[in-house]
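What follows is one structure encoded as structure tokens, with my remarks underneath.
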Amino acid sequence: MDEFERHGIGVVSGRDACARALRSPALTSDPGGGSPSALLRDGDGHTRVRAVLREIIAGLEPVPASVRASIEDVVAGLGTSFDLVHDFARPVAGVVTSAVLGVDLDDGFLDRLEATTANLDVLGGGDRAGQAAAFRLAVQLSRTPAGPGGLTALREAHAAGRLDEDELMINAVVLAHAAYENSLNFLACAGLELATSGPRTVRELVTAICPARYVVRFGPDGPVAISLADGLPFGLGRHACPGSGVAVAEGEIAVTALAKVLDGGCRVGEVRWKTHPIFHGLASAHVVVSEKQG
Ligand code: HEM
């Protein structure tokens, strides 16, 4: 029995059925309780908050030269023995998340982002550690001085009456988590694919890896988990990922740079996977680059 069945959650699979479910007006992202998070609501409130998030993300399209350079610096600093999660995916996803928010992010912040579990409390009714981490991040961000970027844009949207106080607090964390978690998992898995099977395009990789395996929706018969593994890695419909262009561009920069590091061959040591029911990713994977011949 899988995690969903254990919690009485039905699963929708198969590309067509999933596409229909994601577009269905009968299924909502809102579990009830009036969350201000863009991810956990529908209707006018969702449209309004999503428009603000979308404007922020557009600031990274195309990816600014400074962000490209920072990603390439991370890969240039890898050396010949490194962990794909800790040394590659985490700092690259951190660079982009920091650029999205317009705030420097330290390791403690990234640790808390990884402990935050977005819309997962439907599995069992309360991920307290995840909720506590999200709350602490919201408070931390509310006190953080910000330069140009997403956090300042959220504050300006609040000042202009486009977001209320709760929406400002929560969606700063939603944006950070959305920009970070799936990219972290995608980049590490893409690095492993590169190390073990050779080059593929980022579009192919993201579809094959599908770092967000399911999204949860609520219908007349209770919650359902909709699979994204049949070719819908960025979802579909009202909540479809507004950061997919940034995610693909970030992946292209990072994967191209990593491919050069690995082009003389490498050895992959112990690989450990996360065990999350929704977010698919590596916990660690150690790579040793082969010495160049001649
Ligand atoms: C490989 C990387 C990524 C993957 C696979 C991914 C996947 C997804 C998926 C499947 C959703 C839909 C959730 C739902 O329907 O409930 C989503 C939502 C979202 N993503 Fe991404 N994402 C990625 C990277 C990013 C990045 C880099 C950003 C920001 C720059 C971002 C921002 C968002 C936001 C703000 C939402 C919420 C949209 C809404 O609820 O209307 N994502 N993402």
All conditions in (1) closer than 29 Å to V216 by Cα; (2) surrounded by 12 or more Cβ atoms within 10 Å (Cβ to Cβ) are true of V268 except (1)
Quick one: in the stretch 53-62, of everything that is near the ligand (Cβ under 10 Å from one of its atoms) and not in a helix (DSSP H, G or I), which residue is surrounded by the fewest Cβ atoms within 10 Å (Cβ to Cβ)?
E61
Condition first: exposed (fewer than 15 other Cβ atoms within 10 Å of the Cβ) and touching a residue at least 60 places away in the same chain (Cβ under 8 Å). Can you find one or more residues in the stretch 87-98 that meet it?
no
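Quick grid of which residues meet (1) among the hydrophobic types (A, V, I, L, M, F, W, C); (2) within 11 Å of the ligand (Cβ to nearest atom); (3) at positive phi:
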| site | (1), (2), (3) |
| --- | --- |
| A160 | yes, no, no |
| N182 | no, yes, no |
| L192 | yes, no, no |
| T201 | no, no, no |
| Y214 | no, yes, no |
| D221 | no, no, no |
| G245 | no, yes, no |
| G251 | no, yes, no |
Search result, residues across the stretch 141-199 that are under 30 Å from S290 (Cα atoms) and without any contact (Cβ under 8 Å) to a residue 60 or more places away in the chain:
E193, S197, G198
Only one of (1) modelled with pLDDT under 95; (2) within 17 Å of the chain's Cα centre (by Cα) fails for G243. Which number is that?
(1)
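The values are calculated or read from the model by the stated rules, or taken from the named source; none is laboratory data. Treat the numbers as computed from the prediction; the structure is a model and nothing was measured. Cβ sites come from the backbone with ideal geometry, for glycine too, and all protein chains shown count toward neighbours.
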